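The values are calculated or read from the model by the stated rules, or taken from the named source; none is laboratory data. Worth saying up front: this structure is predicted, and the values here are computed from it rather than measured. Virtual Cβ from ideal backbone geometry, glycine too; neighbours counted across all protein chains shown.
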Amino acid sequence: MKVHIDKVGSVTRNLRLGRTVHLTSEIEAVEGAVIAARIHGEKSVYNQLEDIHGRMVTLHGGDIIVGALGHRNALHGYEGVVPETVVEGQKLHILNMGGVIGQCTSHNPGVGTPFEAEVLGQVLVFPEFQSRAGQPAHVRAGALKGSAQPVTVPVVYVVGTCMNAGKTYAACAIVRRLMQAGYRVGGAKLTGVSLMRDTLSMRDSGAAMVMDFTDAGTVCTSPKTAAQVSRVILSELAAADVDVIVAETGDGIMGEYGVQSILEDPALRGAGGAWVLCANDPVGAAGGVRHLKEAYGIQVDVVAGPATDNRVGIRFVEREVGLPAHNARADAAGLGGLIAEKVAPRIAGRKSA
């Protein structure tokens, strides 16, 4: 069956699909399978889809979209899974704005119930020139493979206590300062559920190149995939001749997207040139710093996020936690400057080697 697509989710960007696609009713119920679905109903909140260019477009009932099957475990959003079977006509849900589709199992009241999406079929691709034998589409098509070279570029890890802890604000402030210092900066999103918004913000802030886990063929990271995907992304950025990489991890250091597997990995941990912890409140800041030190031997260099929104939080971090505190919105220069000073010797040493 051939159908016209109204909107294409950014999760499918590796395939570079057109607005007309061929579908099969034989659907692979696996994470990353690319499917077409019809939107049912209208919503006034959480009603947009990020397209392959990073633009947010509003969804309406009747729209036919292309997305990918996947799971999600978002504290402030939707939780969902890939069903054991997926058939034509089945009602699933839009789990995130990147176009991840699955069976919603719970939701945060702030985002309301998700859009229903009626499955129309799995998209077919035709990789062989002039061949009529279509193959089931998957986001792995055209994905990054990773470089075999070791990552010697210093990585600034931006981690948080949970989602919405100010990690992207902090990452962008750091990217901007490093770029202004004359460095070629790579930006990365290592974990989370597929969405281009954060890496595009890093690009807007001056990153020469940005990549995320979807570029590496993953819809939503997990403890099983996060470390390997991170190695692929960081090695690709390092091979692109950047001087430093600013790497944001989605969700929190105790979340379900696999951040722990990155922190546990000796090679990934050893690449860290600086560590930034973003926290929503003073208790989170204190607990996060302690947990990173005790569980992984990681010494945080600076605390950012809403816990540092004013002098009350800053005083707590500096007095009780014993670390510098810089707010990315109110003191971007201070945050970026501290990190630039931290990584400068390592960048210089690498260039002189």
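In the stretch 138-153 there is no residue that is charged (D, E, K, R), crowded, with 24+ Cβ neighbours inside 10 Å and not in a strand (DSSP E or B).
Scan the stretch 60-76 for residues that are acidic (D, E) and either more than 16 Å from Q48 (Cα to Cα) or without any contact (Cβ under 8 Å) to a residue 12 or more places away in the chain (or both) and the total you get is 0.
Restricting the stretch 39-48 to residues that are part of a strand (DSSP E or B) and either aromatic (F, W, Y) or touching a Gly at 6+ places or on another chain (Cβ under 7 Å) (or both), which is farthest from M196 (Cα to Cα)? This residue is H40. For V193, state whether it is in contact with a strand residue (DSSP E or B) (Cβ under 9 Å, 6 or more places away or on another chain), modelled with pLDDT of 95 or more and outside the structural domain of L75 (by TED's automatic domain parsing). Here the answer is yes, as V193 does meet what is asked. Checking each residue in the stretch 298-329 for being in a loop (DSSP other than H, G, I, E, B) and out of contact with any helix residue (DSSP H, G or I) (no Cβ under 8 Å at 6 or more places or on another chain) picks out D309, N310, G322. Checking each residue in the stretch 272-309 for being among the aliphatic types (A, V, I, L, M) and touching a Ser or Thr at 6+ places or on another chain (Cβ under 8 Å) picks out L277, A279, A285.
Once the stretch 18-54 is narrowed to residues that are more than 23 Å from the chain's Cα centre (by Cα) and of a type in the set (D, E, K, R), the residue that is nearest to A141 (Cα to Cα) is E28.
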